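These notes concern the structure reproduced below.
The values are calculated or read from the model by the stated rules, or taken from the named source; none is laboratory data. All values derive from a computational prediction rather than experimental measurement. Cβ sites come from the backbone with ideal geometry, for glycine too, and all protein chains shown count toward neighbours.
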Amino acid sequence: MAAPAQIRVLPDAVINQIAAGEVVERPASVLKELVENSIDAGASRIEVEVVDGGRRLVRVRDDGTGMDRDNALLSIERHATSKLRELKDLDSIATMGFRGEALAAIASVSQFTLVTNREGAAAGTEILVFGGRIQDVRDAGAPRGTDIAVRNLFFNVPARRKFLRSAQTEFANIRQAFLLEALANTGIEFALRADDAEVYRLPATEHLLDRIRDLYGVEIAGHLRPIRFGNGVVEIGGYAGVPPCSRLDRELQVVFINGRPSGSPVVNFAIQSAYRDVLQGGRYAPLFLHVDLPADLVDVNVHPAKKEVRFRRPTEVRDVIIEAIRLAVAGPEAGRGRRDESPREAARPHVYPPVAVSATPPASPAPAPMAVTQPRLDWTPPPVPPAEPEAGAPSAPWAEYRLMGRVGGMYVVLETADGLVLMDSRSAHERVIYERLLGAMEKGNVPAQGLLPPVTVAVTPAQAAALRKHLDLLKEMGFGVAEFGSDTFLVDALPVWVAGVAPGPLLSDIADGLMQGGRTSAKDWVQPLIASIAGKQAVGLQRELNDAELNALIRDLARTEMPYTSPRGKPTVILLSTRELNRKFGRE
């Protein structure tokens, strides 16, 4: 029988290479760590240079405070840092870095050069490190700041180097890491060069929107709305994208927590919930989200590369993020309530005309019907303005329009000052009904339909506890629910929009939703149900609306909080600007 292996303390070189595997995954990881060190050093300008996708060189230069010789030597030792002094400091971290292991890890798997100087010093310091071993330390002439060059990453760890991807793939990751740092620190000037070509040069700015415009262009910036919301503890800022601007990937959804590019499952869930009734499944709106809260309420010491954080009060953070994004997407008027209509009218299926909310008639009579097969090209109808909105109403997708005709009996063609609008009448009708039903629920005045006889529903103990805690919420939603013995409830009324649904399974599902996290989650649970009801009440595909009905629908859609999509995420309108039409016809 073989003798058991002896336990030994690993050499420092092996320890550093193991640590490098946790901190340094690829060249983009090097860029992130070096740039964040520059930010902590108070830099106002950061220049990044890469060669061969960062595999041959990643270089970061800054004009920060720099270091003297002793501190420069300490900076490449493991667990040497100026950002922590004792264990309790982990509870209130305000710097980007704090572990004191990034430079040591990077230097252990590369050919590493550090040049640094403090303002007013007689000379700077240059340190050369080869695979974790210091080769030379000497004086150097250098401006204030720090210049770190990392060459031939993983040259001494072949097993890691062979897992590096192509230069194009590695540069794509470097570019994304660079963009995150530039978005998080708009007050710093950034530059990126790749293989001797300048890719970005971003001037410092006070405004995040300017940095977004510099990076992604005016079209993306034009579809963003500001986010400003908080509860005194959790403060949310940034910009949220609105339809029709969306993508099939999450590349333009960026989250910063206390200024640090990072994420959390709680944040991801909140973003998904906030956009659930705005975008079709599988599509993602641009989002540049800043979450700020006291440092002692967030744990950044979770992931070796600081990619993920944990919150000490996750439910509060989730609810504030959801509300912040919804208010931004819906517009500043979202918190002021919806149109003044009775709950019973709100819950009733609407047929056009008449429509109660469109009380103000058009300035001019509606144009005469125009056959799609035989359009009258010499006919020019007068513009039809939308109904006058109340104070604080959301801006419409159009200031005024001309009803030009129909396609396929369901799609409506409008001419606006900006170009053409194609409207899906069914999706538009769904949006109008949905917001009326939701508005009645949020006001706590949902009309209820009594059950004769009342129904007793038995649930699990955990479900019963959740229902007892939120009986007032259920009443706001139109449910007549009362305790009826141990883990049993008496249901004597249901909201009209779920009339006919079996009370037992419905109450059980609601209890499960309540158990997942509070009032917001409960209302989130019921929104898809309201969306389904709105779809059933919307106009059928088989009936073509006349012009008077269409004009009423167009005006009502313009007055909704989110006129661009149905509650199930399908587009209600497609906007074709004059500029886009000119480009398609080769006029630009």
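Within segment 230-261, which residues are polar (S, T, N, Q) and out of contact with any helix residue (DSSP H, G or I) (no Cβ under 8 Å at 6 or more places or on another chain)?
Selection gives Ser246 alone.
Regarding segment 44-54, can at least one residue be identified that is surrounded by fewer than 18 Cβ atoms within 10 Å (Cβ to Cβ), part of a helix (DSSP H, G or I) and charged (D, E, K, R)?
Among the residues of segment 44-54, at least one is surrounded by fewer than 18 Cβ atoms within 10 Å (Cβ to Cβ), part of a helix (DSSP H, G or I) and charged (D, E, K, R), which makes the answer yes.
Please determine, by comparing only the residues of segment 210-227 that are charged (D, E, K, R) and without any contact (Cβ under 8 Å) to a residue 60 or more places away in the chain, which one is surrounded by the most Cβ atoms within 10 Å (Cβ to Cβ).
That would be Arg211.
For segment 397-432, what are the residues that are surrounded by 22 or more Cβ atoms within 10 Å (Cβ to Cβ), among the hydroxyl-bearing types (Ser, Thr, Tyr) and either assigned to a strand (DSSP E or B) or without any contact (Cβ under 8 Å) to a residue 12 or more places away in the chain (or both)?
The answer is Tyr401, and nothing else.
Quick one: which residue in Ala346, Ala464 is at pLDDT below 50 and either basic (Lys, Arg) or not in a loop (DSSP other than H, G, I, E, B) (or both)?
Ala346
Quick check on segment 256-267. Is at least one of its residues within 24 Å of Pro567 (Cα to Cα) and not aliphatic (A, V, I, L, M)?
The answer is no; no qualifying residue exists.
Kindly list the number of the only condition in (1) within 30 Å of Val51 (Cβ to Cβ); (2) within 15 Å of the chain's Cα centre (by Cα); (3) among the small types (Gly, Ala, Ser); (4) surrounded by fewer than 15 Cβ atoms within 10 Å (Cβ to Cβ) that fails for Gly282.
Only one criterion is unmet by Gly282, namely (1).
Ala94 - would you say it is buried (at least 19 other Cβ atoms within 10 Å of the Cβ) and either over 26 Å from Asn156 (Cβ atoms) or at pLDDT 90 or above (or both)?
So Ala94 does not fit the description; no.
When the residues of segment 552-588 are filtered to those that are of a type in the set (Asp, Glu) and in contact (Cβ under 8 Å) with a residue 12 or more places away in the chain, which remaining residue is nearest to Arg247 (Cα to Cα)?
The selected residue is Glu580.
Consider Asp249 carefully, then state whether it is loosely packed, with under 15 Cβ neighbours inside 10 Å, at pLDDT below 95 and of a type in the set (Asp, Glu).
Yes; evaluated as a whole, the condition is true for this residue.
Scan the strands (runs of 3 or more DSSP E) fully inside segment 110-159 and keep the ones with 2 or more residues being among the polar types (S, T, N, Q).
Qualifying strands (runs of 3 or more DSSP E): 111-117.
Give just the number: which of (1) surrounded by fewer than 16 Cβ atoms within 10 Å (Cβ to Cβ); (2) modelled with pLDDT under 95; (3) of a type in the set (D, E, K, R) does Arg160 not satisfy?
Just one mismatch for Arg160, condition (1).
Can you pull out the residues in segment 467-507 that are among the β-branched types (Val, Ile, Thr) and at pLDDT 85 or above?
Val481, Thr488, Val491
For segment 286-308, check the following and say yes or no: at least one residue is part of a loop (DSSP other than H, G, I, E, B), of a type in the set (Gly, Ala, Ser) and surrounded by 21 or more Cβ atoms within 10 Å (Cβ to Cβ).
No; the residues of segment 286-308 include none that is part of a loop (DSSP other than H, G, I, E, B), of a type in the set (Gly, Ala, Ser) and surrounded by 21 or more Cβ atoms within 10 Å (Cβ to Cβ).
Hey, can you tell me all the residues within segment 263-302 that are polar (S, T, N, Q) and more than 21 Å from Glu323 (Cβ to Cβ)?
Within segment 263-302, Gln280, Asn301 meet the criteria.
Under the condition of being in a loop (DSSP other than H, G, I, E, B) and farther than 18 Å from Val501 by Cβ, which residue from segment 439-461 is farthest from the chain's Cα centre (by Cα)?
Thr460
What is the one condition in (1) among the aliphatic types (A, V, I, L, M); (2) in contact (Cβ under 8 Å) with a residue 12 or more places away in the chain; (3) within 30 Å of Asp487 (Cβ to Cβ) that Ala465 does not satisfy?
The one condition Ala465 does not meet is (2).
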